[in-house]
Structures are given as C-alpha cells and as structure tokens.
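Each value in this text was obtained by applying a stated rule to the coordinates, not by laboratory testing. Nothing here was measured: the structure is a model prediction, and the numbers come from that model. A quick note on method: Cβ atoms are made from the backbone with ideal geometry, for glycine too, and the neighbour counts reach across all protein chains shown.
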Amino acid sequence: MLALSRFTPNLAGDFWGGLAAMLVALPSAIAFGVTIYAPLGGSYAAFGALAGILGATALGLIAPALGGTQRLITAPCAPAAAVLSAFAIEFMRSGSTPESVLFLLVAIGILAGLLQVIYGLVGLGTLIKYMPYPVVSGYLSGVGLIIIGSQVPKLLGTPKELGFVQALGAFFTPGAWQWQGIGVGLVTIAVMVGAPRVTKKIPAAILALGAGVLAYFGMAIFDPALRVLEGNRLLVGPMGGGAGGVAGGLAEAFFGRIDAMSSIGMAQLQALLVPALTLSVLLSIDTLKTCVVLDALTRSRHNSNRELVGQGLGNLAAGVVGGIPGAGTMGATLVNMSSGAVSRLSGVLEGVLALIAFLLLGGLIAWVPVSALAGILIVIGVRMIDRHSLALLKSRHSILDFLVILAVVAVAVFVGLIPASGTGIVLAILLFVREQMGASVLRQKILCNQSFSRQSRPHAQMEVLLAKGDQAVILELQGSLFFGTTDQLYSVLEPEIKVRKYIVLDMRRVQSVDVTAVHLLDQVRDMMEEKGGYLVYGHLPRHLPSGLNMEAHFKQLGLTPYKSAARVFDEVDSAKEWIENRILKDAAVVLEDEQPLDLHEIEVFKARKAETLAELDTHLVRTSFKAGEKIFSRGDSGDELFLIRKGSVRIMLPLGENQSRHLSSFGRGAFFGEMAFLEGAPRSADALAFTDVELYVLSRKAFDAFAEGHKKLASNLFESLASALSARLRYLTAELQALAA
C-alpha cells in the first residue's frame, strides 16, 4: 500500500474516480457488445455482453498503464459499435456463419489495435488530432444516427432481420412491436435524460439501467412469460459468469473463436482491412479528441503518439481475451475527473473493478432487458449529434462548412464511415483552397517616391527621388502563392511590368510558394530583363511554417542567378537604397567622392565666412573609423555632433541576443549624434561605420565656447540642424500617409 501511495498522491480520489467511471462505462460496454453481436442471432447477445465486459476490463488494465494520459478512461465506445455491428450485418447477409463472423470481429479489433500502435510509433498522433472540425462534427453526428437507427428496432422489439425503416413500418403488423420492451425502453430513456437534473452523484446510466430493470420486473409481476429466461428475446440471456460459470463462459468464447478459424477464407481476411482501418482511425480520433478536452480542463498536455501506442496495445489485449475494442471516452473520463481522480491509476482501477463486477454479478446480467440497453444507447446517440453546428447557418460565411457536415453525415449513414471521413477531408480541403483563392495576395502597394530608404540624403538628391522615384514600386505580398492564386498574382504584376523599371516584392508575409507561383515569377523576371528592368526580392523568409528556406529555395530553382534581372536583399530598405542610388546615378547625380570634405563643403556650413569657419575648425576634432567599427553605443554619455567627411554610417537599434534594427544611414556631408548634442542625454542607439569613415567631431562644450564670439554662426548652425531634422520628419510623415492610404 505504501508503494502504491507513492505511485499516486491521491489513492482515495483515484479509487472513487475509477469506481464512478466503471459504473458509467460498464452499462454502455454491455450495450455496445449486445449491439455488435445481435446480428449473429439471439443466442449471441449474451456473448456480446460478455465481450463488452471483457473489453472494458482489458482496456482499463492496459491502456492507462501504457498510454500515460492522466485521468483518461478507456472503454468500449460508440464508433466501435457502429463499425463492428455494420460489419456483422453485412457478413451475415452474405451467408457467413455466426462462428466465422465472431472470429472476424475479434480479428478486426486486433488489427485495429496493431494499426494504432503503428500510428503512434511513426508519429501520426500529432496529425490525427488536427482533423477539420466539420469532419469531426459530421462523423460524430453520423455515428450517433447510425447508433439510433440500429437501436430503434431493439427498442420496439421487432425481429432482428428488420432494419430501421422496416421496424417503423411494422407498426401496422400485429405483434411485431413488443409493448413490454417499448415500455422498458421509454422508462430507461426518461431516467437517462432526467436523472442529471435530480442528482449527479450517481451516474445517469446506472440509474437508467436500474429503472429499466425495475420496470421490466414490474411488468413481470402481471406477465409470467417475462419471468422465463430461456428463449426470451427481451433479455440479454445467459452467458456464464457468477462464481462457477465464468471459466466455462470464457473457455467457450475462446475455443469457439479457435474453431471458427478453420472456416475463414482469404477473401474474408482481405475484407478485414477496410473496417480495421476505419476502426483504427475512428478510435484514434475519439481518444485524441477526449485527450484534447482533458488537457483544456486540467491545464495539462498529453503525448499523442504515446497514447496511441497505449490504446493500440489495450485493443490488442481486448481482442486476445475476446473483448470488443474501445477508446478514451468522454463521459467516463469526465466522471472520473469530477470524482477526485488525479492520475492514470484511476483508469487501471476502473478495469479491475469492471472485472470484479463481472465475476460477482455475471449471472444477473442475463436478466438485463435488451430494450433498456437500447434506450441508453439511443440517448448516447442523440447526444453525439452536434446540434451546435446549426449555428453555422447564421452566417453566410459558414454555410458551406455546414454543408460539409451534412455531406459527411449523409455519406456516413448511407455509405460508410471511412468514405464519410474521406469525403469530409476532401470537401474541407476544397473550402480551404477556395478561401485562399479569395484572399488578396497584395497587402500594400507603394511607390518609391512615397517611401524612401533610411539613407539620409541632401535636399537636392531628395528632389530627384521625388521626381523620378515612381520608376520603382514596392508590392507587399501576403498569404500563400500557389496555383490557386497565381492568376491573381499576375493580375497584380502585369500593369507594373509595363510602366516600372524596378518591381520590389516584399515577401515577409508570404506563407508558402508552390512550383506554379515560382514559374510565374521566373517569367516576370524574364519580362523585366527584356525591358532593362529588375525584379527585386526583399525579406525572403528563411523559415516558412513548412520549414522551407525561401531564399535558398529560390536560388536552387534559378530565380535569382548572379548577373540576372533579379536581385535579393535581406531587407526591403536595402533594396530601396540600391534602387535610389541607381536612379540618382541615371540622373547624373554624383553620389560619392573619394576625397574627404572640407568644413565649408559640409551642408550645414555652406556659405559661411572662411575666417569664421577657420576659427570653428580649431574647436573640431578629426577622427576616423574602419568599416565595422562602432563609433558609439546605446546608453553612452556624450555631447558630440558628428559630421561625415567621407564614407557612410549606419544607426542601429540593439534588440538583444545579437540582433539589431537598422534605423537610418548617413553619407558624406551629413551629420548624426544631434540628439545628445542638443539634449545632453545618453545615446539612444548604436552608430556603426558601414564603410571607412572620416569625421569632424564637435562637442557641445567646445561649441558653446566658440558661440560666445560667434552668436550668428551658432544661431545659423541650430537653424540648419532644425531644418535638416524638419526635412527628415516631413519625408517620414509623407511616407506614413502613403502607407496608411
């Protein structure tokens, strides 16, 4: 006991949780088993009840111990009942013997368990739980309708060969409907629905089953025929159990399956693959859906792949002992959690208690009315129907999703569950493609005379860029560039190809690019090359959600070969700076001279008296930095104004972890460091020599000393600083207005 208490911090909570979960799961397991085995004949209903109990026991002992999800209860479930009962009906109609079908049902469960183990080992658990909601909703609703349709004939007490429609139509056939069974079923349904409103301490399924049994024996007081077990099709019937018959019942079930193997042909074994695959997928989805809900309620996180391995081994064990397969069930799991369970030991205890209940009460289960079990399953089936999906009809944007749900339900009911899942997935994919095609690939368009690079330029250069910057356009793309949006992308590019020399594609918000889009971009590059233009890529993502490195991918596909009409830049700003330099060069504007500027050639000191500048020169310090050297760092104290004689400087904002953002660039004749010069505050960013630079350095202290005798020059300097800063702000404001348009 001490070792067990170390395994779980709350042994009492796990025990009561396991007990409550068993009380919920066991009646449903018996009902599912009877449903699956009923098509084989009335005498096999008892084997179904036994299979349900054995399945609950095996699953409870194995799956929680190996799956690892805390508080999860694994038991026979509705999807298993729907798939296996449909399989049994089909094979019985094809002329198979009940014994062979009995073996095939077990084989399907074992094969489904093996497939689940494989899913977990290869990592498919992370994929199955991402099934689209319309598919899951339609599948659950379809399973619910299948269960209701299969149980209504049992509720009405009609012969087993009648289906749902025939059973309803038999109303006018005298004696076809058994009013005793109908009465028991209706009482069971009423208690199943109403019990939670009265008490939640006792599971509704237990109260409903008890009410159905009491109703049956109440009728038996007035009808002696109801007190006879043999040949009574309203009861589950004898299956062994109790103190002396359990071993015999188990042995009979086991050896009956062994004998049936001799009558199985290769065609029948091949027919197992589709239902086993169907069952494995549905059980996996059911389990992982329950795990996701459990994670949300307990703020935990399950291991999907490990859970699938545990579930698969549990279903293998269930098949070996003759039980029916199952999955992590929502109802029993929630009851387990609300009863105080904290660990997976509660799931193991649920399996142990199910076996104990069978050993002690096996003989009594024979007297359980079939219509009571049918009533429980009908309520479960109704609750599986996703009524919340009707809310999708309220918006025209979600009507198509509702139609997908209806399609899945229709295919599930009239064709099968696997075709229904496939239909739903295909339709969901088509809706996704349609949505992607409807979304605009162009987020923003802006001309290069509306948005400038961070390179600070003299007024004359800015005038040229304002006049000629419309030669270039920046197109910020977004979303997925694939075959569905390629035509839209070309419609965006075509008018720009005709009138622009430079087309810049900002790719930072692009999520994916397929081969069709790549082919189009290749054609656009060739078109630009024919007219002497350029297709420029900015900010090609290195890590798309798919894991693709777009920059490397483009190089491999030949979109950006060296010396072609394509160019690639890490940042759009770098692309804009390259384009601006080319525009200025084409306009015969001299961008750079290798000779350092003298003081009178600096923008802010032009047209000043030579003698005044000569005296100012005595207060200046000349210095130089190699490319890559830091001139000052963010947070440094200082009051110097830096005037660039030669080279260029970049202002960078550190972001931490060796990352920084490019704020602006300054070239020959410009100044920087004005904020500390004017305010005396610490530096707000880093200054980095982008090339070899030569600087004039004017400290505020030296300038104040000079200004004592040259107040006019001092005033003019502040005016020039203010004018330059105002121009920068004006261009920035115009750019923001263009971006907001």
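Once label points are set 7 Å from the Cα along Cα→Cβ at both GLN511 and ASP598, what is their separation, rounded to one decimal in nm?
6.2 nm
Kindly express, to the nearest 10 degrees and within the range 0 to 90, the angle between helix 515-530's C-alpha long axis and the longest C-alpha principal axis of the chain.
That helix lies at roughly 20 degrees to the long axis.
What is the distance, in nm, between label points placed 7 Å from the Cα along the Cα-to-Cβ direction at ILE356 and at VAL621?
With each label point 7 Å from Cα toward Cβ, the separation is 8.7 nm.
Sort SER440, SER633, SER28 so that the residue with the fewest other Cβ atoms within 10 Å of its own Cβ comes first and the one with the most comes last.
Exposure proxy ranking, most exposed first: SER440, SER633, SER28.
Hey, rough spin-label estimate for LEU400 and PHE222, points 7 angstrom out along Cα→Cβ, what's it come to in nanometres?
It works out to 5.9 nm between the two label points.
Rounded to the nearest 0.05, what FRET efficiency do LYS531 and ASP704 have when you use their Cβ-Cβ distance and R0 = 60 Å?
The formula returns an efficiency of 0.60 here.
Per residue and in Å³, how big is the convex hull formed by the alpha-carbon atoms of segment 439-586?
Measuring per residue, one finds 102 Å³ for the Cα hull of segment 439-586.
Where does helix 417-438 land angle-wise versus the long Cα axis of the chain, in degrees 0 to 90, nearest 10?
That works out to roughly 20 degrees.
Given the DSSP H assignment, sum -39500 (n - 2.57) over each helix run of at least 4 residues in the chain and divide by its residue total; what's the result at 222 nm in deg cm²/dmol, nearest 500?
Here the helix-only value at 222 nm equals -19000 deg cm²/dmol.
Semi-axes of the equivalent ellipsoid of the chain: what are they in whole Å, largest first, if each equals the square root of 5 times a C-alpha gyration tensor eigenvalue?
Equivalent ellipsoid of the chain: 80, 29, 22 Å, largest first.
Extension gain VAL321-LEU273, at 0.36 nm per residue separation less the Cα-Cα distance, in nm?
That pair, VAL321 and LEU273, stretches by 15.2 nm at full extension.
Placing +1 at every Lys and Arg Cβ and -1 at every Asp and Glu Cβ, with all other atoms neutral, what dipole size does the chain have around its Cα centre, in debye to the nearest 20?
About 1400 debye.
In Å and whole numbers, how far do the C-alpha atoms of segment 368-450 stretch along each principal axis, longest first?
Between the extreme Cα coordinates on each principal axis of segment 368-450 lie 85, 25, 18 Å.
What is the Å³ per residue value for the convex hull set by the Cα atoms of segment 589-740?
Hull volume normalised by residue count: 134 Å³.
If R₀ is 22 angstrom, what is the calculated FRET efficiency for the pair LYS630 and ARG542, using the beta carbon separation as r and rounding to 0.05?
Plugging the Cβ-Cβ distance into 1/(1 + (r/R0)^6) gives 0.25.
If you take the alpha carbon radius of gyration of segment 332-408 and divide it by 2.2 N^0.38 Å, what ratio comes out, to two decimals?
1.73
Decide, for segment 499-539, between rounded, prolate and oblate: order the square roots of the alpha carbon gyration tensor eigenvalues as a ≥ b ≥ c, take rounded if a/c falls under 1.5, and otherwise choose prolate if a/b is larger than b/c, else oblate.
Oblate.
Placing +1 on the Cβ of each Lys and Arg and -1 on the Cβ of each Asp and Glu in the chain, which of VAL117, THR618, ALA276 has its Cα farthest towards the positive end of the resulting dipole?
Ranked along the dipole, the leading option is ALA276.
Using 0.36 nm per residue, how much length does the chain from GLU463 to ALA176 gain when fully extended, once their Cα-Cα distance is taken away?
93.7 nm
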